[in-house]
Amino acid sequence: MAIEIISSGLATTLQDGGRFGYQDQGIPVSGFMDGDAAHIANLLLNNPPNAVMIEMTMVGIKFKAIQELVIAITGADMQPKLNGEALTMYKALTIPKDAVVSFSGAKNGVYSYIAVLGGFNIQDEFGSKSTYTPAKLGGFYGRKLEKGDVLPVPNKKITQKLARVKAIDYKQNAQLYCLKGPEWDWFSEESKTAFLETTFKIHQHSNRIGIRLEGTLLKMPKRDEIISSGIVKGTVQITKGGQPIVMMADAPTTGGYLRIVNLTQHACHTLAQIPPGGTVQFVLK
Amino acid sequence: MQYEVLTYGESAFLIKFENEISVEIHLQVKSLYLQLKNIHLVGVISLIPAYNSLTVIFDDQLIDGTFLKLFLEKTKFKKEGVEMAEKTIEIPVCYEKPYALDLQEVSEKLNLTPSEIIALHTSKTYLVYMLGFAPGFMYLGGLDTRLFIPRKDTPRLKVAAGSVGLADQQTGVYPLETPGGWQIIGKTPIPLFSKKKSALVSMGDRVKFVSITAEEYLKMECTWQ
């Protein structure tokens, strides 16, 4: 069984739960930007929570089902349609042979997910199927999906369709819960207060590597960088210029900027779905 | 061993050693990294050793964070004496045209002839303090002070994979094609990051650059592809 990509969307990749265990070689973790939405898609199909699926960014794809298959769509609302008729999200759906499923621009949120029953049949690379394009790693030949790509799907029958679950409601602004980071105490009281009281705007130069925030530039302490040290998803770095950048799925494994706070995992997923221009505030947990 | 264990988000701890770059601290990080790696503690899913820190990433479905923190704080880890497999890897570098993009510029700025630069660069054995930033990128220590040079004023939009460069007090090799501002003095035909082979170097290894001709470069490039 398989699906064929008819149009590729903006930045569409295959992702799973991430490539852990190779960060000592400098290989980023990658994986779902919004793990909450992705996990629901897998849950609806009774897949393992981290099974590989399609992640679409801002603008969705169009694909053809070469055989009948079962899918679930979650995340950003890209107005999915089956042969032109609106499709329900957050529900296991049977797609008939030769049917075309199409998505448009995101009405809310940023990342939308298409899971298939059993996950896509592709090889692991370094223990994961997640795509990391700079090193051409994982996914479909290590790259974004393109028109004409045929993705193999295991031949599996669904035993039980779970009830529809409630769609996650994505907003243009959010409070992000966070924990004090390793260099929190390096900042002055004034900077810490400014950090927690500012409403930051999501910069358009945000991607799977990191999300840049615009707002008050923080006053930096004298020591404004650290000896290069490990980075995890959700680390909020403050650049020497005082601008926060939240490190996301494809973030480098190490860096030298001060780490003021770390987002909770849920906050990472919430942030991933706020489009450029949306706003966030940090709240210490 | 002296270190503190800091909370680093919901699913990681940051083990911080003394705030300095030194071989002594490096050996302690390496020792702790190897001991934790060998224990295969269920739920510890990744380790990121760096100059003076070790990041421990865990899966909170598999291990309790409070327990892991206590374990990291209370266990008497060995400062040394761990099997420290240490290899020296020779990396062939062609310092000739068309690979040595900035050798002339470096030569003028440092007031050294190209052959002096090559001699200085190939004379040292460099310690791999850590890998990071990008797959297979080595943070090397031990560059001759006479080769210290600032980055280029305008970074290149594309630096080819395998390019060997100088920047401030560092020397290194670009493992992937990326934008970059290092002064490029040569290129290696050997892939530093490959999907097919296991990692060429690990933290704690030593690296030596060996000068090769453009002809040898092309031959090696064919073998490695």
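The values are calculated or read from the model by the stated rules, or taken from the named source; none is laboratory data. It should be emphasised that the depicted structure is a prediction, and the values quoted were computed from it without experimental measurement. No Cβ is skipped: glycine too gets one built from the backbone with ideal geometry, and neighbour counts run over all protein chains shown.
Summary table below
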quantity: Flag for A:T199 being more than 28 Å from A:G118 (Cα to Cα) and at pLDDT below 95; calculated: no
quantity: Search result, residues across the stretch A:125-135 that are more than 18 Å from the chain's Cα centre (by Cα) and at the interface with another protein chain (Cβ under 9 Å from one of its Cβ atoms); calculated: A:E125, A:F126, A:A135
quantity: Where B:S53 falls short, out of the listed (1) over 18 Å from the mean Cα position of the chain (by Cα); (2) free of Cβ contacts under 8 Å to residues at least 40 places away in the same chain; (3) surrounded by 23 or more Cβ atoms within 10 Å (Cβ to Cβ); calculated: (1)
quantity: The stretch B:138-197, residues that are touching a residue at least 40 places away in the same chain (Cβ under 8 Å), of a type in the set (K, R) and assigned to a loop (DSSP other than H, G, I, E, B); calculated: B:K152
quantity: Residue check, A:D16 within 14 Å of the chain's Cα centre (by Cα) and either touching a residue at least 12 places away in the same chain (Cβ under 8 Å) or within 14 Å of another protein chain (Cβ to nearest Cβ) (or both); calculated: yes
quantity: Residues of the stretch A:98-123 that turn out to be in a loop (DSSP other than H, G, I, E, B) and either among the basic types (K, R) or touching a residue at least 12 places away in the same chain (Cβ under 8 Å) (or both), as a count; calculated: 15
quantity: Checklist (1) in a loop (DSSP other than H, G, I, E, B); (2) farther than 22 Å from B:K124 by Cβ applied to B:S202, failing item; calculated: (2)
quantity: The one condition in (1) more than 20 Å from B:D168 (Cα to Cα); (2) away from every other protein chain (no Cβ under 14 Å) that B:L101 fails to fulfil; calculated: (1)
quantity: Flag for A:T88 being surrounded by fewer than 19 Cβ atoms within 10 Å (Cβ to Cβ) and touching a residue at least 60 places away in the same chain (Cβ under 8 Å); calculated: yes
quantity: Options B:Y3, B:Y33; residue that is farther than 19 Å from B:E86 by Cα and either within 11 Å of chain A (Cβ to nearest Cβ) or in contact with a Lys or Arg (Cβ under 7 Å, 6 or more places away or on another chain) (or both); calculated: B:Y3
quantity: Number of positions in the stretch B:1-19 that are in contact with a Gly (Cβ under 9 Å, 6 or more places away or on another chain), in contact (Cβ under 8 Å) with a residue 24 or more places away in the chain and assigned to a loop (DSSP other than H, G, I, E, B); calculated: 3
quantity: Those strands (runs of 3 or more DSSP E) lying entirely in the stretch B:20-117 with at least 3 residues out of contact with any helix residue (DSSP H, G or I) (no Cβ under 7 Å at 6 or more places or on another chain), modelled with pLDDT of 95 or more and not polar (S, T, N, Q); calculated: B:88-94
